[in-house]
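The values are calculated or read from the model by the stated rules, or taken from the named source; none is laboratory data. These numbers come from a predicted model, not from an experiment. Neighbour counts are summed over all protein chains in view; Cβ atoms, including those assigned to glycine, are modelled from backbone coordinates with ideal geometry. Ligands, DNA and RNA are stripped out before the accessible areas are found, and what is left, the full protein with its side chains, is counted by its heavy atoms. Shrake-Rupley method; radii C 1.70, N 1.55, O 1.52, S 1.80 Å.
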Amino acid sequence: MNTGTKKTALDDSIAPLLGGAAVEPHYSDLISHVPPSKSANSSVQATEKSKQLDHFRVENAGQPLTTSHGVKIANNQQTLRVGETGPALMEDFHAIEKLAAFDRERIPERVVHARGSGAHGYFECYKSMKHVTKLSFLQNPGDKIPVFVRFSTVQGFRGSPDTVRDVRGFATKFYTEEGNFDIVGNSIPVFFIQDAIKFPDFVHAVKPEPHNEVPQGQSAHDTFWDFISLQPESLHTVFWAMSDRGIPRSYRTMEGFSVNTYKLVNDQDKAVHVKFHWKPVQGKASLIWDEAQLITGRDPDFHRKDLWDSIEAGLFPQFEFGVQIVTEEDERRLGFDILDATKLIPESVIPVEIVGKMTLNRNPDNFFAETEQIAFCPANIVPGVDFSNDPLLQGRTFSYTDTQRHRLGGPNFTEIPINRPVVPVHHHQRDGMHQMNIVKGPNYEPNSMAGNWPRETPPKPHGGGFHSHAMMLAGMKNRHHSPSFDEHFSQPRLYYLSLTDFEKENMRSGFSFELGKVQKTHIRQRVVDLLARVDTDLAIAVAASLSIELTDSQKNYPVPDPVCGLTKGDPALSLYSSGDVPIAGRRVNVIVSDGACADSLKTVEEALKKEHITADIIAPRVGTIHTSSGTTTASDSICGRPSVLADAVVFIGGDQSTKTLKVNGDAKHQLMEGFKHLKPVCFVGNAVEILDETDLKGKRDEGLIVGDAATVVEQLINVMKKHRVWDRTPLVKTLPA
Ligand code: HDD
């Protein structure tokens with residue numbers, strides 16, 4: 001055994017790997033090849049929060065291995081035992097500590113929203129909102145504050161795939177100069193229930209079924225649809241989840257909504273109701289359902305990696321921040337209750353006023369320490385904001401900190417670095433599990449021992465203490481809900497009418513798929529009955545896929561009243577009705593083989609780069625590929641990076657290359673699959689011969705593009721702006737893959 005001062009046990013074991021040379025020093029050699037994270041580099045301006053986190057960041061490079069008590073360790077490879085074959089010894093404090101720490105590594109996952117990804121960034125104010133709110137970060141244009149955002153799915157466990165059909169969480173922590181303010185929102189503007197008391201029932205129904213714990217990451221099962229069919233208030237949110245909104249292309253291409261109505265309060269103590277919105281600068285976009293399901297196997301971390309990679313590439317995701325301010329007069333003319341979280345406020349009636357922008361520019365250093373331990377709560381508000389009487393919001397204000405005390409092990413989770421505000425914290429709360437601070441002085445108030453510090457601060461226009469907005473209330477104590485919460489069909493109808501034809505069709509397919517997985521026929525029938533109350537054509541289409549026939553009475557249900565007189569819908573509710581979408585940050589699979597035309601490849605790569613689109617070079621094998629006049633590097637194989645992971649596919653021609661790819665099954669599969677998922681599929685030069693080897697021989701459409709490199713790439717960029725080749729839908733239904 002090595003007990004000397006120069007070589008260690010690890011030195012002995014890695015020496016052969018390093019060519020048997022004397023190993024000294026050793027750890028830094030092993031890790032020096034790890035490239036530094038670009039997003040963590042100083043090119044990104046450090047925010048106050050980032051500077052605060054510096055105090056807690058631990059760099060291990062060049063440091064000796066120690067126990068948690070700081071004792072340097074000479075051997076981390078073998079347990080202390082008697083002789084070479086004898087039993088282990090209890091006095092091996094290092095082995096015992098190491099195993100005990102490992103045994104406790106997992107903490108309870110979030111009861112919902114367990115699967116998620118986060119990023120640091122900053123928020124910048126565009127314009128002063130002083131007239132409506134004291135919120136410190138909305139006073140002066142140009143002011144910036146740090147934020148941390150966590151995106152998530154709702155239903156699945158921590159290890160579930162990213163691209164399941166689900167609502168997405170969109171939670172933002174603003175580290176303001178007056179404390180932490182959280183907007184714990186979703187990617188869908190409405191919620192399944194109106195009153196927080198129903199949340200456990202809803203979650204039990206949607207989570208994997210209790211007897212066998214399936215299905216994972218899916219709502220396509222009996223208990224979910226049983227609940228929905230008996231709870232018509234959930235229908236509106238279900239409409240959104242069954243539409244393309246339930247399968248976003250990326251976290252970067254989702255809208256975010258506070259869902260609940262809040263209040264903004266100004267320095268005159270005047271309050272207005274408000275809903276908060278996030279608008280993705282990258283544009284809105286979704287996946288195709290078949291594609292989403294395939295990605296769950298091909299790359300279960302698809303959204304997580306997309307967020308991470310775009311930040312590392314310097315293509316920082318941005319979201320504009322908007323407010324929908326509702327005056328008392330507006331409230332009266334809307335015709336529905338803005339305190340009902342199953343209702344949205346149409347943007348064509350009350351426009352979203354854009355007041356700032358959030359930029360996500362830094363990946364976390366440690367997933368557990370930051371993304372897993374961050375604790376959001378709708379009750380985390382600061383001066384300038386207050387709660388509305390929305391009964392869902394009222395219940396939420398309790399549930400989050402309660403679950404966090406359990407999940408994060410006690411009341412002191414606010415001292416975990418990611419949760420600390422960037423302003424000082426002083427109070428009389430003490431002790432408990434994992435207290436990190438050494439607080440001096442008396443722990444009660446009033447006190448004369450320390451001049452009664454820390455003291456209250458009266459409310460002020462700026463920098464004052466938080467005080468709740470005063471409101472006159474009177475009423476009987478009871479468990480009734482307001483009759484204004486009773487209507488459930490007008491808003492789902494508004495949403496359905498707002499969609500483009502292909503979005504409507506996707507929603508019908510979404511319903512058909514999910515209800516097709518439901519075993520109990522009476523549950524399917526009840527859902528179809530609810531659909532008939534919203535739109536007869538939709539109900540007939542879904543019913544047909546389930547061999548259900550609508551009764552005459554179901555066909556003649558009264559048409560719900562239009563919301564705010566919007567008989568044709570509201571364009572803002574559709575993903576695609578407003579025309580071209582931004583394409584910066586998209587990815588294209590560029591397929592080559594040995595002999596591929598170097599000039600064509602260069603033209604395509606350069607044109608895509610100009611649009612900030614990533615070209616992933618893929619080939620029958622990874623590594624060096626010999627082109628017509630040099631080499632290129634395939635970052636993945638055609639099989640390893642299928643079309644479902646890209647937004648478009650380009651085949652580069654070249655005599656030998658085309659000859660190889662024509663007989664390559666993975667290449668032809670990529671072509672057909674990309675086509676099936678309505679993606680542009682392009683052929684440069686003689687690569688068109690690959691197309692002619694498939695069932696699509698001779699076929700051309702807007703997105704099946706053939707020609708020289710410059711022509712192809714120009715057309716490709718134009719088609720990508722439409723996101724998909726939607727007109728292809730009827731044809732692809734007849735194709736196998
Ligand atoms: Fe919730 C987590 C969003 C209703 C109780 N919720 C959670 C997260 C998001 C939302 C984004 C994950 C935050 C993170 O990334 O850590 N929840 C919503 C929205 C709702 C909503 C937009 C409707 C407007 N939630 C809601 C109700 C209750 C909860 C009515 C209970 C009364 N939500 C929770 C929770 C979670 C949570 C159980 C799980 C983990 C956590 O809080 O920290 O307390």
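Things worth noting here:
- The residues in region 387-399 that are part of a helix (DSSP H, G or I) and either more than 12 Å from the ligand (Cβ to nearest atom) or aliphatic (A, V, I, L, M) (or both) can be counted, and the count is 2.
- Number of residues in region 84-131 that are under 30 Å from Asp162 (Cα atoms), open to solvent by less than 100 Å² (accessible area, probe 1.4 Å), more than 16 Å from the ligand (Cβ to nearest atom) and of a type outside the set (A, V, I, L, M, F, W, C) equals 3.
- Candidate set: region 400-416, residues that are in contact with a helix residue (DSSP H, G or I) (Cβ under 7 Å, 6 or more places away or on another chain) and open to solvent by 40 Å² or more (accessible area, probe 1.4 Å); chosen: the one nearest to the ligand (Cβ to nearest atom): Arg405
- Enumeration of residues in region 443-465 that are touching a Ser or Thr at 6+ places or on another chain (Cβ under 9 Å) and open to solvent by less than 100 Å² (accessible area, probe 1.4 Å): Gly463, Gly464, Gly465
- Failed item in (1) among the basic types (Lys, Arg); (2) farther than 30 Å from Pro417 by Cβ; (3) in a helix (DSSP H, G or I); (4) touching a strand residue (DSSP E or B) at 6+ places or on another chain (Cβ under 9 Å), with Lys284 passing the rest: (3)
- Strands (runs of 3 or more DSSP E) contained in region 67-178 and holding at least 3 residues aromatic (Phe, Trp, Tyr), closer than 21 Å to Asp386 by Cα and within 26 Å of the chain's Cα centre (by Cα): 168-176
- Residue check for Asn419: touching a helix residue (DSSP H, G or I) at 6+ places or on another chain (Cβ under 7 Å), within 16 Å of the ligand (Cβ to nearest atom) and of a type outside the set (A, V, I, L, M, F, W, C): yes
- The set of residues in region 352-386 that are of a type in the set (Asp, Glu), closer than 30 Å to Ala572 by Cβ and either open to solvent by 30 Å² or more (accessible area, probe 1.4 Å) or part of a loop (DSSP other than H, G, I, E, B) (or both) contains only Glu353.
- Within region 306-325, residues that are within 11 Å of Thr359 (Cβ to Cβ) reach partners that are part of a helix (DSSP H, G or I) with beta carbons closer than 8 Å, at six or more positions or on different chains, in the pairs Phe316/Ser310; Pro317/Tyr251; Pro317/Arg252; Pro317/Leu307; Pro317/Ser310; Pro317/Ile311.
- From the list Lys49, Lys98, the lone residue that is more than 30 Å from Asn361 (Cα to Cα) and at pLDDT 95 or above is Lys98.
- Conditions (1) among the β-branched types (Val, Ile, Thr); (2) open to solvent by less than 10 Å² (accessible area, probe 1.4 Å); (3) not assigned by TED's automatic domain parsing to the domain that holds Glu415; number of the one not met by Ile183: (3)
- Positions within region 672-706 being more than 18 Å from Lys733 (Cβ to Cβ), in contact with a Leu (Cβ under 9 Å, 6 or more places away or on another chain) and open to solvent by less than 40 Å² (accessible area, probe 1.4 Å), in sequence order: Pro680, Cys682, Phe683, Val684, Ala687, Ile690, Leu691, Ile705
- Test set (1) within 9 Å of the ligand (Cβ to nearest atom); (2) out of contact with any helix residue (DSSP H, G or I) (no Cβ under 8 Å at 6 or more places or on another chain); (3) in contact (Cβ under 8 Å) with a residue 12 or more places away in the chain - Ala196 fails condition number: (2)
- Selection count, region 717-737, where residues are of a type in the set (A, V, I, L, M), in a loop (DSSP other than H, G, I, E, B) and surrounded by 15 or more Cβ atoms within 10 Å (Cβ to Cβ): 1
- Exactly one residue out of Ala598, Ala615 is in contact with a helix residue (DSSP H, G or I) (Cβ under 8 Å, 6 or more places away or on another chain) and buried (at least 18 other Cβ atoms within 10 Å of the Cβ), and it is Ala615.
- The lone criterion from (1) modelled with pLDDT of 95 or more; (2) farther than 26 Å from Ile338 by Cβ; (3) of a type outside the set (S, T, N, Q); (4) surrounded by fewer than 19 Cβ atoms within 10 Å (Cβ to Cβ) left unmet by His469 is number (2).
- Residue within region 287-298 that is farther than 26 Å from Gly121 by Cβ, within 16 Å of the ligand (Cβ to nearest atom) and modelled with pLDDT of 95 or more present: no
- The criterion of at least 2 residues that are open to solvent by 50 Å² or more (accessible area, probe 1.4 Å) is met by the following helices (runs of 4 or more DSSP H) wholly inside region 476-537: 501-516, 521-532.
- Extreme residue, modelled with the lowest pLDDT, among residues of region 546-590 that are among the β-branched types (Val, Ile, Thr) and under 19 Å from Asp501 (Cα atoms): Val581
- Residues that are over 16 Å from Leu716 (Cβ atoms) and in a helix (DSSP H, G or I), drawn from region 572-610: Ala572, Leu573, Ala598, Asp599
- The residue of region 560-580 that is farthest from Ile247 (Cα to Cα), among those that are hydrophobic (A, V, I, L, M, F, W, C) and surrounded by fewer than 20 Cβ atoms within 10 Å (Cβ to Cβ), is Cys564.
- Check on Gln231, touching a helix residue (DSSP H, G or I) at 6+ places or on another chain (Cβ under 6 Å), surrounded by 18 or more Cβ atoms within 10 Å (Cβ to Cβ) and within 29 Å of Ser498 (Cα to Cα): no
- Here is the figure for region 206-235: residues that are in a helix (DSSP H, G or I) and within 14 Å of the ligand (Cβ to nearest atom) total 3.
- The sole residue among Thr631, Thr658, Thr694 that is in a strand (DSSP E or B), over 22 Å from Ala313 (Cβ atoms) and at pLDDT 95 or above is Thr631.
- Considering the conditions (1) open to solvent by less than 10 Å² (accessible area, probe 1.4 Å); (2) away from the ligand (no atom under 13 Å from the Cβ); (3) among the aliphatic types (A, V, I, L, M), Val190 is excluded by exactly one of them, (2).
- Any pair with Cβ under 9 angstrom, 6 or more apart, that starts in region 522-545 at a residue that is farther than 13 Å from Ser229 by Cβ and ends at one that is part of a helix (DSSP H, G or I) and modelled with pLDDT under 95: none
- Test for Thr397: is it of a type in the set (Ser, Thr, Tyr) and open to solvent by less than 30 Å² (accessible area, probe 1.4 Å): no
- Of Glu213, Glu209, all but one fail to be open to solvent by 20 Å² or more (accessible area, probe 1.4 Å), at negative phi and not assigned by TED's automatic domain parsing to the domain that holds Ile374; the exception is Glu209.
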